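Heads up, the thing below is written out as structure tokens.
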Amino acid sequence: MKTSDCDILIVPGYQDSGVDHWQSRWERQLSTARRVKQESWVSPNRDEWVRKIVEDVTAAELPVVLVGHSLGVLAIAHAAPLLPRNKVQGAFLVGLPDAERPGFVPEIDKSFAPIPRDPLPFPSVLVASRTDPNCDYDKAEDIAYSWGSAIVDAGDAGHINTASGHGPWPEGLMRFAGFLKHL
């Protein structure tokens with residue numbers, strides 16, 4: 001699949017993805033990419049986030065590929081069983097946060113936990129870092145297996161965001177292109 005063959009829906013996490021974040025860069029670079037815009041980026045509500053993802057997937061004219069980061073990954077997992085059948089061709093998921101961890105960000109709706117464990121109804125890859133402060137690699141690997149996702153070990157990459165030096169993230173874009181090629 002080529003980027004021109006699909007609607008790429010960018011699903012950022014808590015506090016959105018800033019202008020230098022790799023998701024924002026991809027949104028500007030890829031002609032069929034657009035952001036799923038949430039009503040509140042600072043007080044995320046699971047039901048509202050899921051509803052918005054479902055609305056945007058349903059409204060898409062082309063087959064959909066989801067690109068989630070952080071809390072956006074969890075929102076996609078919660079939305080998955082509600083999405084129109086066969087509309088989503090795949091999901092590229094990066095930086096899963098552990099919403100089940102005690103003391104998880106208090107501004108985030110507690111119903112993002114528990115993390116869904118049912119297999120996702122579309123092909124997916126989960127990119128996880130060995131040094132992500134928001135989720136231990138072993139937990140991310142366990143969740144990936146539950147979802148039926150391929151796991152990609154990003155090594156010592158922090159949360160794979162601007163703060164960890166992943167603004168442009170060319171390796172991620174190459175990995176995404178490889179993922180699309182196999183859809």
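The values are calculated or read from the model by the stated rules, or taken from the named source; none is laboratory data. This one's a predicted model, so the numbers in the text were calculated from it and none came from an experiment. Virtual Cβ from ideal backbone geometry, glycine too; neighbours counted across all protein chains shown.
A few remarks follow.
- The listed residue being outside any helix (DSSP H, G or I), closer than 22 Å to residue 144 by Cβ, aliphatic (A, V, I, L, M) and out of contact with any Gly (no Cβ under 6 Å at 6 or more places or on another chain), out of 50, 42, 67: 67
- Of 83, 93, all but one fail to be closer than 27 Å to residue 162 by Cα and either among the aliphatic types (A, V, I, L, M) or modelled with pLDDT under 95 (or both); the exception is 93.
- Any hit, the stretch 132-144, residues being within 13 Å of the chain's Cα centre (by Cα) and among the β-branched types (Val, Ile, Thr): no
- Verdict on residue 20 being at pLDDT 95 or above, surrounded by fewer than 20 Cβ atoms within 10 Å (Cβ to Cβ) and closer than 27 Å to residue 171 by Cα: yes
- Residues considered: 140, 144, 75, 79. Of these, the only one that is surrounded by 13 or more Cβ atoms within 10 Å (Cβ to Cβ), of a type in the set (Gly, Ala, Ser) and within 15 Å of residue 14 (Cβ to Cβ) is 75.
- Candidates 149, 129, filtered to the one that is closer than 21 Å to residue 63 by Cβ, in contact (Cβ under 8 Å) with a residue 24 or more places away in the chain and hydroxyl-bearing (Ser, Thr, Tyr): 149
- From the list 155, 90, 167, 172, the lone residue that is within 22 Å of residue 21 (Cβ to Cβ) and in a helix (DSSP H, G or I) is 172.
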